[in-house]
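Structure first, then comments.
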Amino acid sequence: MAIESVGGSIVSKIAELLVEPTIRQFRYMFCFNNFVQEFDEQMMNLALAFYPLQDAVDVAKRNAEEIEINVNTWLEKAKNEIEGVNHLQNEKGKIGKCFTWCPNPTRQLKLSKALAKKTETLRKLEANSKFPKVSYKPPLQGIEFLPSEELTPSESSKAAFEQIMKALKDDNVNMIGLYGMGGVGKTTLVKEVGRRAKESKLFDEVLMATLSQNPNVIDIQDRMADSLGLHFGEKTKEGRADRLWQRLKTEKKMLIILDDVWKVLNLKEIGIPFGDAHRGCKILLTTRLENICSSMKCQPKVFLSLLSENEAWGLFKINAGLHDEDSTLNTVAKEVARECKGLPIALVTVGRALRDKSAVEWEVASKELKNSQFRHMDELDEQENAYACLKLSYDYLKHEKAKLCFLLCCLFPEDYDIPIEELTRYAVAYGLHQDVESIEDARKRVCATLS
């Protein structure tokens with residue numbers, strides 16, 4: 001009995017191995033249209049999976065999101081498969097045309113096999129087309145730390161830069177203060193420090209926030225959270241500070257740049273772990289007031305001074321578009337440059353305002369600066385030349401609408417990033433651009449004015 005059972009199993013297996021391939025070959029030969037239909041349906045299914053996913057990827061890219069690696073891999077494979085079936089489509093079409101009149105069994109057999117194999121490949125690919133998410137938002141790179149042409153090379157800025165970089169590498173220093181008058185280039189310098197620190201990987205994170213005279217804690221927290229990719233679920237200032245504190249504690253080494261500080265800060269109120277709470281956290285602050293550096297216990301305190309006369313003239317020449325051969329014009333231009341007192345913001349602003357102006361206009365500008373009403377305002381002290389230079393730049397705006405647009409900017413807080421939409425609404429409400437047909441036209445007019 002056992003022998004008969006074993007023999008029966010062997011016969012059954014042999015039959016299975018012989019019959020199934022025979023049936024499959026039979027289907028390849030006589031069920032060509034079925035293979036074509038299955039292939040076409042599977043191609044349609046793959047296309048229905050591919051194109052919506054590709055659209056989702058395109059939308060994500062327009063939103064500056066990174067695409068998941070497995071999504072990109074699948075799309076690449078699917079694209080190759082879709083583009084790679086052209087020869088099968090051509091062969092299918094040829095056989096379809098002559099199948100009735102001149103059937104070619106061998107050719108039809110080969111194509112049936114190819115279609116069956118490709119259909120199975122497409123089916124497996126389509127089955128793997130579902131992804132939990134297509135993309136993700138990468139951490140912000142910190143646009144403020146991109147290379148800038150605004151940095152004015154001078155002996156003072158070079159010395160200050162070297163002092164700061166040395167302090168950043170010193171484990172015994174955790175609070176650094178950079179002070180100097182407004183417009184001297186403190187912000188530009190610390191941005192360069194931040195950029196260099198990121199490039200050299202001195203810190204795991206480099207963050208920057210602007211405080212101004214009336215710091216808004218919520219805005220400061222939001223700025224840091226954006227850079228960290230952190231999303232607050234908390235609504236209160238204290239809750240957000242706690243969340244930011246926890247997030248910053250995860251970074252081993254970090255540099256936080258606090259720009260334009262006017263009063264002593266409570267770092268814990270913002271959510272910045274410092275000192276014993278986080279030995280890897282360094283603070284670099286900028287201020288106009290040396291006593292702020294002392295009150296915040298900055299070591300070192302770095303002073304950024306004005307430009308020397310030669311440095312100031314070099315910066316002024318570049319921005320005013322002056323050449324060495326313009327000897328007559330350069331004489332009065334040097335007088336104007338001296339009135340800027342070595343202040344970079346004044347040199348750049350006045351130089352650009354007087355660019356391509358006539359010699360007469362240069363002489364008038366020189367007298368206006370020397371006789372400026374701000375000279376007699378003692379309370380302005382060292383800032384007086386900056387105000388005088390800014391007023392000159394304002395006076396040299398070509399159109400009244402440009403001047404009014406400039407004055408409307410005074411309605412916004414200090415260091416506020418003014419949205420063009422808000423400025424447009426103020427301009428229209430004030431009565432500017434009344435001849436436009438839509439708010440979009442008014443927006444374009446305001447953009448043109450600012451440019």
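The values are calculated or read from the model by the stated rules, or taken from the named source; none is laboratory data. Since this is a predicted model, take the numbers as computed values, not measurements. Heads up, the Cβs are rebuilt from the backbone with ideal geometry, glycines too, and the neighbour counts pull from every protein chain shown.
In table form, for the structure just shown:
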{"item": "Residue within segment 213-227 that is surrounded by 19 or more Cβ atoms within 10 Å (Cβ to Cβ), at pLDDT 90 or above and touching a strand residue (DSSP E or B) at 6+ places or on another chain (Cβ under 6 Å) present", "result": "yes"}
{"item": "Meets criteria (touching a residue at least 40 places away in the same chain (Cβ under 8 Å) and of a type in the set (A, V, I, L, M, F, W, C)) for L322", "result": "no"}
{"item": "Residue tally, condition under 33 Å from the mean Cα position of the chain (by Cα), in a helix (DSSP H, G or I) and more than 15 Å from Y394 (Cα to Cα), over segment 315-364", "result": "7"}
{"item": "Pairs with Cβ under 6 Å, 6+ apart, first in segment 415-434 and in the same structural domain as M208 (by TED's automatic domain parsing), second part of a helix (DSSP H, G or I) and among the aliphatic types (A, V, I, L, M)", "result": "none"}
{"item": "Filtered residue count, segment 154-172, keeping only those that are touching a residue at least 40 places away in the same chain (Cβ under 8 Å), surrounded by 15 or more Cβ atoms within 10 Å (Cβ to Cβ) and farther than 17 Å from L207 by Cβ", "result": "6"}
{"item": "Failed condition for E234, given (1) surrounded by 15 or more Cβ atoms within 10 Å (Cβ to Cβ); (2) free of Cβ contacts under 8 Å to residues at least 40 places away in the same chain; (3) in contact with a Lys or Arg (Cβ under 7 Å, 6 or more places away or on another chain)", "result": "(1)"}
{"item": "Members of segment 262-281 that are aliphatic (A, V, I, L, M) and in a loop (DSSP other than H, G, I, E, B)", "result": "V264, L265, I272, A277"}
{"item": "Hits in segment 197-212 (condition: assigned to a loop (DSSP other than H, G, I, E, B) and touching a residue at least 40 places away in the same chain (Cβ under 8 Å))", "result": "L202, F203, D204"}
{"item": "Counted residues, segment 213-261 - those being charged (D, E, K, R) and not in a helix (DSSP H, G or I)", "result": "7"}
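Listed here are the residues, each with its yes/no results for (1) assigned by TED's automatic domain parsing to the domain that holds D204; (2) at pLDDT 75 or above; (3) touching a Ser or Thr at 6+ places or on another chain (Cβ under 9 Å).
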{"position": "N90", "(1), (2), (3)": "no, no, no"}
{"position": "K97", "(1), (2), (3)": "no, no, no"}
{"position": "K118", "(1), (2), (3)": "no, yes, no"}
{"position": "R123", "(1), (2), (3)": "no, yes, no"}
{"position": "F161", "(1), (2), (3)": "yes, yes, no"}
